[in-house]
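J.: Structure below; questions to follow.
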Amino acid sequence: MEKQKRHEKDKRGREANEIPNDDVLEEILVRLPVKTLLRFQIVSKHWRHTIKSKSFEERHMLHQKTKEPKFLCIFVDESWCNKPNFALKTMRLEWSSTCLVGEEVYHNSYEHKVNLVVFSKSLDGLFLIYGGENLNRPIMVINPANRWSQTLPLARIQLEHCLDNNKTEFSPPGFGKDCVTGIYKLVLLHNINNTSSCEVFDFGAKQWRQVVPPPPPNHRIKHEHASTFANGWLYWFSQDKTMLVAFDLHMEIFKVVPNPIIEASSSSSSVEMSMRSVDDDRCLVWISEINGDGMQHVWRLTNHNTGGALLKMGKMFSFDLNKVTSTWFDDTNDPSSLLRLEAISKNGGNKVMLSKQPGSENLLLFQPLNPTSIHNHIFSCSPARPSDSVIFPYFPSLASPLVWMAFSVCIVINPDTRWFKKLPLARIQQKNLLDNNKVEFSRLGFGKD
C-alpha cells in the first residue's frame, strides 16, 4: 500500500514537471533562432508539425522583427567548387560599436555569371535573385536562414523574348504578399513598343498568369526603380513622380494614387525622390525627397485601411547632404543624390543606418537627435568584408513559399571529383508549369555521343 502511494506521488511529480500545454511550448519555440528550430524538428512529430505550421511561421517572423535586423553580405567566392556561385555571410548588427560582426557563411550555386546578378531587398527573410536588366534568365527565390531556394519557371514574356529577341524593357521584379490569403506573389512588369503588360507568379498556384487590364498607359512607371511593398500593395513612381502606380496583390488590379509628399507640399520641383519600406515593415513606407538645396527629408507614410492610397504620418527627420563628403563614398558629393535608409534602431529610432546605394560598401550612422553625427561614424565589419561584396538587411525566418514544384531538377554528379551540375528545365517542363497540362513522361535517358 505504501509502495503504491509513493508511486502515485512520483507520477504526480513527473506530471507537474511536464509542459502543461502546446501554448507554452510554442511561446518557448517562437523565441528561438531559425537554425535551432530546424534541429528541433527531429525531436518528435508533434514538434515538427508545430514548427512547420503556417501560424507558427508567422508568429516567429513577427517576433524576429521586434529585434535588430541581421545583415546578409553577398560576394563571389571563386575558390568554392570551381563553379559559378556566391557566398552568403550572415552578420550581426551592433549599434553601440557601429559594427557588423560576421557569424556564418554558406554558398549557393547559380547557373549564370554571378557577377551579373542582382539581389532584391528582403521580404520576410526572402530574397529574389535575377539577371539585372537581362530578365531572360530564371528568377531564383532564396531564404538564407533555412538555406531554402527555388528557381521559378520563365514567364511567358521571358520565353517569347528568348525566341524572337525583341527589345523588351523590364522593371525589377516586384515581390509581395497577399494579406488576405497569405500567398506570396511576384510581379513582372514589361514594356514592348510602348505597350505595357504585367504577369504575376502565384506561389500558391505555382504558375504565372497575365494581369488584365494591364498597367494604366497614361501613367508610365519608372522602370529603373524597384517597387515597394506595404500591406498587400506594391507601389511604383510614375514617370514624373507626381503619382504612384499601386497594385493590389489580392485583387490583382492596378490603381493610380497621388504622391502624398508632392500633393501636400506642392514640391513638384523635387530633384530626386525614393521610396522603400524599412526594417521589412509591411505597413509603413518611407519616401525621401530633395528640393535642390542639399537637404534630404524623410517622410513616413501608411496605407492601413486606405484602399491603396498612401497617407502621410509625418516627417521622420532631415539631414544636410552637403556635410557628407566624398571621403566616405566612391563618387563625388552630389547634393541631388539621395542617401538610402537601411535600418532604424529599435531603441526609439534614435539611430539610423544610411547608404549611398543598394548594397553600398560604406554604411553611415546618423542620429536624428544629433544632426552633426553624420560626420563621424561609418560602420565597420569584423572580419572585413570583400571589396566587391554587397550587403542587405533582413530578418531570419522559416518562410519557404514553394514546397512543391511540378518537376524535379535533374542533377549530374561525379562522386569521385565531387563535381556536379544542375540542369535547366526543358522547354516542355517550362510549358507544363505554365499551362498546368497533365503530361506523362518516361524515365530520363542518359548516354554519350
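J.: According to a simple spin-label model (label point 7 Å from Cα along Cα-to-Cβ), what is the distance in nm between K35 and S55?
T.: In this crude spin-label approximation the distance works out to 3.0 nm.
J.: If you don't mind, another one. Quote to one decimal, in nm, the extra length available between E94 and V212 on full extension: 0.36 nm per residue of separation minus the C-alpha distance between them.
T.: Working: separation 118, 0.36 × 118 = 42.48 nm, distance 4.68 nm.
Residue separation times 0.36 nm, minus the Cα-Cα distance, leaves 37.8 nm.
J.: Any idea of R147's accessible area? Nearest 10 Å², probe 1.4 Å.
T.: About 120 Å², rounded to the nearest 10.
J.: Given the pairs K65/K206; K54/K177; K312/K346, which span a C-alpha to C-alpha distance of over 25 angstrom in this model?
T.: K65/K206
J.: So, one more: Which GluC sites (Glu not before Pro) in the stretch 33-102 pass both tests, a DSSP loop state and at most 16 other beta-carbon atoms within 10 Å? If you can, show how the numbers build up before the last one.
T.: Working: sites: E57, E58, E78, E94; in loops: E78.
Here the sparse-neighbourhood loop sites are E78.
J.: Excluding G182 itself, calculate the net charge of residues whose Cβ lies under 14 Å from the Cβ of G182, where each Lys or Arg counts +1 and each Asp or Glu counts -1.
T.: Its environment carries a net charge of 0.
J.: What's the local net charge at P33, with K and R +1, D and E -1, over the other residues with C-beta under 12 Å away? Kindly include the intermediate steps, with their values, before the conclusion.
T.: On the way: positive: R31, K35, R39, K67, K70, R92; negative: E103, E104.
Charge balance in the 12 Å sphere: +4.
J.: Run the simple label-point estimate for W47 and L159 please: 7 Å along Cα→C-beta, distance reported in nm.
T.: Output for this residue pair reads 4.4 nm.
J.: Starting from 0.36 nm per residue, how many nanometres of slack lie between L444 and A205 once their C-alpha separation is accounted for? Show your work: numbers first, answer last.
T.: Numbers: separation 239, 0.36 × 239 = 86.04 nm, distance 2.66 nm.
The L444-A205 span can extend by a further 83.4 nm.
J.: At 1.4 Å probe size, with no ligands or nucleic acids counted, give the accessible surface of R220 in Å², nearest ten.
T.: We get 60 Å² for R220.
J.: Amide H of C381 versus every other amide H placed in the peptide plane: which residues, excluding those fewer than 5 positions away on the same chain, fall under 5 Å?
T.: So C381 has HN proximity to L100.
J.: Find how much the distance from E27 to D240 grows on full extension, using 0.36 nm per residue of separation minus their present alpha carbon separation; answer in nm with one decimal.
T.: Details: separation 213, 0.36 × 213 = 76.68 nm, distance 4.86 nm.
So the extension gain works out to 71.8 nm.
J.: Let me ask you something else. Skipping prolines and chain starts, which residues have an amide H placed within reach, meaning under 5 Å, of the one on S277, given they are 5 or more residues away or on another chain?
T.: Sorted by chain and number, the residues that satisfy this are F229, W286.
J.: Another question, if that's okay. Per residue, how large is the accessible surface of the stretch 141-239? Use a 1.4 angstrom probe and give square angstrom.
T.: Value returned for the stretch 141-239: 40 Å² of accessible area per residue.
The values are calculated or read from the model by the stated rules, or taken from the named source; none is laboratory data. As the structure is a prediction and not an experimental result, all values here were calculated from the model. Note that each Cβ is placed from the backbone with ideal geometry, even for glycine, and that neighbours are counted across all protein chains shown. With ligands, DNA and RNA removed, areas are computed over all heavy atoms of the protein, side chains included. Shrake-Rupley method; radii C 1.70, N 1.55, O 1.52, S 1.80 Å.
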